[in-house]
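S.K.: Got a structure for you, written out below as structure tokens; questions coming shortly.
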Amino acid sequence: AAIRPGSGLCVDECMSKWRGKDDRFGDGAAHITKIVRKPESVGVEIKAICCCETNVMMRIEPVDSKYAPRKKFAIGNNAGTAVTQRLTEPWKGTGRTVYGDSAFASVNTCVRMHQENGLHFMGLVKSAHSQFPKKYIEEYPFEHRGDSIFLRAESNGTEIFATGWNDAKIKMIVSTCGTSLQGEPHEKKCWTNEESSSHIYFKKIPRDATTAEYFSMTDRVDYHNRFHQGYLATERSIDTTR
């Protein structure tokens with residue numbers, strides 16, 4: 001109610017550590033998830049949305065445990081699309097751009113966000129590649145590292161763009177906005193380990209403006225994760241009694 005976000009919003013996930021019982025035992029926490037790859041593997045998984053300009057976390061939604069009843073998604077929606085629509089509900093029709101990783105990104109998310117929420121979406125495609133030309137981009141004969149390919153299509157009256165960027169691994173982005181102009185290059189940290197000298201240097205990899213925009217906006221929730229579970233380690237430093 002007090003803070004108006006800027007033109008960009010980032011959706012992602014985070015974890016809040018939990019040491020007590022879960023809801024299987026009747027009086028435990030109702031949202032406990034176990035994800036081995038996380039720094040804190042047992043806790044409450046939270047879907048969050050941040051303002052890309054101020055880095056303020058605007059809204060959060062705890063994820064139900066696997067023992068809880070499944071939430072009803074809108075017809076034709078998957079979990080990533082549904083949670084993105086719920087988190088962006090207060091900013092419907094404002095034309096802002098929402099950035100999300102592969103847990104949220106799909107052609108379906110782009111179409112629903114544009115048609116039902118009045119928002120643009122830009123996200124990284126991995127497993128949710130239905131209607132997305134993933135195989136075509138993977139097999140495209142890129143000549144150099146840093147080259148890009150751009151494809152355009154229309155889905156239910158919504159203009160959709162597919163971008164493929166040839167890095168060490170090909171990155172694929174689906175969006176309803178962006179440009180094929182040249183963007184800020186990616187600075188890759190490298191080092192030499194020669195007998196005479198050893199030093200760090202930065203190698204610049206060309207990239208298009210769409211790819212540069214996406215990767216400059218998608219780490220906002222990760223800032224919070226790094227501070228509360230890394231630099232400040234608040235979950236280890238502050239004791240709780242219940």
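S.K.: Find how much the distance from Ser237 to Ser130 grows on full extension, using 0.36 nm per residue of separation minus their present alpha carbon separation; answer in nm with one decimal. Don't jump to the answer; show the numbers that get you there.
M.R.: On the way: separation 107, 0.36 × 107 = 38.52 nm, distance 4.41 nm.
Working it through step by step, the gained length comes to 34.1 nm.
S.K.: What is the range 99-219's relative contact order, in percent, from Cα pairs under 8 angstrom and six or more apart in sequence? It would help to have the intermediate numbers written out before the result.
M.R.: Values: 229 pairs, mean separation 29.4, N = 121.
With pairs under 8 Å counted, the relative contact order is 24 percent.
S.K.: Test of understanding: what is the full-extension gain from Glu154 to Arg24, defined as 0.36 nm times their sequence separation minus their Cα-Cα distance?
M.R.: 42.2 nm
S.K.: To continue, here is another question. How big is the chain by the Kirkwood estimate over distinct Cα pairs, in Å?
M.R.: Values: mean 1/r = 0.0504 Å⁻¹.
In the chain this quantity evaluates to 19.9 Å.
S.K.: So, one more: Between Val56 and residues 5 or more places away or on another chain, which pairs have amide H atoms under 5 Å apart, with H built 1.01 Å from N, and which residues are they?
M.R.: So Val56 has HN proximity to Cys51.
S.K.: Please grab the % of Cα pairs in the range 129-224 that end up more than 22 Å from each other.
M.R.: Values: 1856 of 4560 pairs.
Counting every Cα pair in the range 129-224, those more than 22 Å apart make up 41 percent.
S.K.: At a Förster radius of 45 Å, what calculated FRET efficiency corresponds to the Cβ-Cβ distance of Lys188 and Asp64, to the nearest 0.05? Show your work: numbers first, answer last.
M.R.: Working: r = 39 Å, r/R0 = 0.87.
That pair, Lys188 with Asp64, gives E of 0.70.
S.K.: Could you go through the range 42-54 in sequence order and give the Karplus-derived ³J(HN,Hα) for each residue, using 6.51 cos²θ - 1.76 cosθ + 1.60 with θ = phi - 60°, rounded to whole Hz, and x for Gly and Pro?
M.R.: Karplus values, whole Hz, x for Gly and Pro: 10, x, 8, 7, 10, 8, 10, 9, 10, 6, 6, 8, 9.
S.K.: If you take the beta carbon distance between Thr54 and Asp167 as r and set R0 to 30 Å, what does 1/(1 + (r/R0)^6) give as a FRET efficiency, to the nearest 0.05? Before the final figure, lay out the partial values.
M.R.: Working: r = 29 Å, r/R0 = 0.97.
Efficiency at R0 = 30 Å is approximately 0.55.
S.K.: Got the relative contact order for the chain handy, in percent, Cα pairs under 8 Å and 6 or more residues apart?
M.R.: On the way: 467 pairs, mean separation 40.6, N = 242.
For the chain, the relative contact order is 17 percent.
S.K.: Something else now. Ordered by residue, what ³J(HN,Hα) values in Hz, to whole numbers, does the range 111-125 give under the Karplus form 6.51 cos²θ - 1.76 cosθ + 1.60, where θ = phi - 60° and Gly and Pro are x?
M.R.: After applying 6.51 cos²θ - 1.76 cosθ + 1.60, I find 5, 5, 5, 6, 7, 9, 10, x, 10, 7, 9, 9, x, 8, 9 Hz.
S.K.: Taking loop as defined by DSSP and a crowding limit of 15 other beta carbons within 10 Å, which GluC sites (Glu not before Pro) in the range 175-240 fit? Please list the in-between numbers first.
M.R.: Values: sites: Glu187, Glu194, Glu195, Glu213, Glu235; in loops: Glu194, Glu195.
Sparse-neighbourhood loop GluC sites (Glu not before Pro): Glu194, Glu195.
S.K.: Same structure, new question: Along the Cα-to-C-beta direction of Asp222, a point sits 7 Å from the Cα; which residues of the range 140-170 have their amide N less than 20 Å from that point?
M.R.: Counting only backbone N, you get 146, 163-170.
S.K.: Given a Förster radius of 22 Å and the C-beta distance between Lys34 and Ala79 as r, what FRET efficiency does 1/(1 + (r/R0)^6) yield to the nearest 0.05?
M.R.: Details: r = 17 Å, r/R0 = 0.80.
It comes out at approximately 0.80.
S.K.: Which of the pairs Lys34/Lys126; Lys38/Lys171; Lys134/Lys189; Lys47/Lys171; Lys21/Lys47 have their Cα atoms more than 26 Å apart in this structure? Intermediate results must be reported in sequence, preceding the final value.
M.R.: On the way: Lys34/Lys126 22 Å; Lys38/Lys171 23 Å; Lys134/Lys189 28 Å; Lys47/Lys171 23 Å; Lys21/Lys47 21 Å.
Cα-Cα > 26 Å for Lys134/Lys189; rest within.
S.K.: Cα centroids of the range 152-182 and the range 1-41: how far apart, whole angstrom?
M.R.: Rounded to whole Å, the Cα centres lie 30 Å apart.
Each value in this text was obtained by applying a stated rule to the coordinates, not by laboratory testing. Please read all numbers here as calculations on a predicted model, not as lab measurements. We place every Cβ from the backbone using ideal geometry, glycine too, and count neighbours over all the protein chains shown.
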